[in-house]
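Below: one structure, written as structure tokens.
No value in this document is a laboratory result; all are computed from the given coordinates. Values in this document were obtained by computation on a predicted structure and should not be read as measured data. Virtual Cβ from ideal backbone geometry, glycine too; neighbours counted across all protein chains shown.
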Amino acid sequence: MNPSFPASTSFQHRPKDECGVFAVFGHPHAAEITFFGLYALQHRGQESAGIVVNGDKDRKFKSHHGMGLVPQIFNEHQLSKLPGTRSIGHVRYSTTGSSTLENAQPIVADCSRGQIAVGHNGNLVNAHVLRDELEAEGAIFKTTVDSEVILHLMAQPSNNSGDSILVQALCKVKGAFSLVLLSEREIIGVRDSLGFRPLCIGQVDGAWLLSSESCAFDIIPGAKFVRDVEPGEIVIIDENGLRSIKPFVPKERLGFCIFEYVYFARPDSTLEGINVSAVRTNMGRELARQHPVEADLVIPVPDSGNYAALGFSEESGIPYDHAFVRNHYVGRTFLNPSQLAREFGVKVKLNIIKERVKDKRVVVVDDSIVRGTTARARVMNLRNAGAKEVHIRISCPPHRFPCHYGIDFPDPKHLIANQLSHQEIAKYLEADSLGYLDAEGMVRATGRDENKFCMACFNGKYPVAVNPELEKLVFERRQTRAESLIFAEEAAPRLFNGKI
């Protein structure tokens with residue numbers, strides 16, 4: 001292996017966020033509450049957002065979508081044009097389909113059964129197969145996202161009615177899906193049988209809420225967390241209240257994404273009955289036990305490393321301090337692949353307080369290393385600031401495999417742990433030592449059994465079979481090929497006649 005593995009053509013140094021969904025039933029200000037819910041879930045997706053409402057007198061769906069962050073897309077004027085008592089919303093990072101306004105969710109469709117809208121967190125691993133079948137039957141897709149497949153399946157002719165139509169559609173899809181659906185009379189929440197992605201239930205002023213994370217309830221005055229939607233459960237909320245059905249065969253082995261605890265979820269959320277910050281603190285304690293080191297200071301990489309560093313400090317007895325200052329106003333702007341841009345991006349996002357680290361042995365705690373370029377730059381910056389020793393500690397195992405269930409990891413060949421040995425990674429980072437938390441310690445920190453989790457990005461064991469050749473732009477590439485074939489067919493007669 002070449003220990004000088006840095007060179008990346010992309011500035012991405014962390015797994016990209018997923019998506020967040022939110023829903024309201026039975027509140028006169030449904031769109032406004034959904035706005036605040038999405039604001040709290042902004043960390044789950046920063047590319048686009050949308051809100052769809054109904055429940056006013058004409059029952060007609062009204063919607064607004066946009067590219068960018070929630071407060072850039074919605075304002076008081078926009079929200080005033082979304083009257084209704086029922087609403088669903090979505091913040092997106094694209095995991096299937098490119099980042100365009102056409103692909104922004106929730107997706108709305110008109111069919112013989114009326115209007116329906118869907119917001120989806122996760123990834124359907126057989127969407128390409130289902131889409132081929134549906135298009136062969138005459139279905140016309142208006143997006144290149146996997147989620148639209150669900151709407152087309154629900155719109156197909158069927159002798160079933162009511163809940164059975166949705167169940168019939170969901171029996172055909174495979175993969176990860178936490179869904180919120182809006183029909184003309186109800187809100188529906190769905191979680192796949194393995195429970196890959198979170199979804200929870202809340203209430204406010206007699207209205208029902210659904211959210212990807214419980215932290216969204218905390219910013220809504222009077223809202224309270226009720227419970228998680230269980231794996232394989234469908235909750236239907238209408239004028240009669242909330243009812244639950246569990247039409248799928250229960251699974252002994254579940255697949256909740258353990259990386260939600262490591263990185264994705266907000267620390268103030270409770271997932272599967274466990275507070276995220278508590279799990280991250282436990283991971284730090286486990287890390288200190290597995291990889292002890294003599295040092296003067298434990299410093300986190302903000303923000304996802306904060307609680308793991310706190311746990312490391314508590315377990316090791318090494319003082320905890322903040323030496324990195326994060327610029328909270330830097331967005332996803334550093335797309336230029338040049339080395340200068342990458343180095344500038346690292347420094348502008350996190351600056352070092354030199355006085356904190358000068359002449360000290362420091363332990364830097366972070367949640368993960370993906371490509372390694374950013375971690376290496378941090379080590380070099382710490383040494384330039386006067387640190388005597390720099391020890392890297394990571395609160396999860398090395399990432400070696402792609403995620404096919406809703407996280408956009410880089411190509412496996414760009415994952416540093418897939419290219420270099422442990423020793424080579426430490427050498428490349430120019431760190432005095434490197435320690436990863438192992439899988440057993442990571443699971444132990446949650447207090448749950450290993451068979452409750454998906455850890456495929458660490459161990460390559462995929463709970464649902466996947467096609468490793470598929471990637472997020474599969475539908476765009478198919479569309480481009482189809483357009484090329486159509487052009488070729490139309491051009492052939494003209495070529496033959498010498499007109500081209």
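Structure data summary
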item	result
Additional length obtainable on full extension of the chain from residue 111 to residue 329, 0.36 nm per residue less Cα span	74.2 nm
Set of segment 292-313 residues, backbone N closer than 18 Å to the point 7 Å along the Cα-Cβ line of residue 423	none
When each of 224/461; 246/413; 349/388; 172/461; 81/142; 358/413 is checked by Cα-Cα distance, pairs over 29 Å	224/461; 246/413; 358/413
Cα-Cα P(r), segment 415-469, percent of pairs per 5 Å interval	4, 14, 19, 18, 16, 16, 10, 2
√(5λ) per eigenvalue of the Cα gyration tensor, segment 19-251, largest first, Å	24, 20, 18
Fraction of alpha-carbon pairs over 24 Å apart in segment 275-449 - percent	35
Cα-projected label distance for residue 186 with residue 76, points at 7 Å along beta-carbon direction, nm	3.8
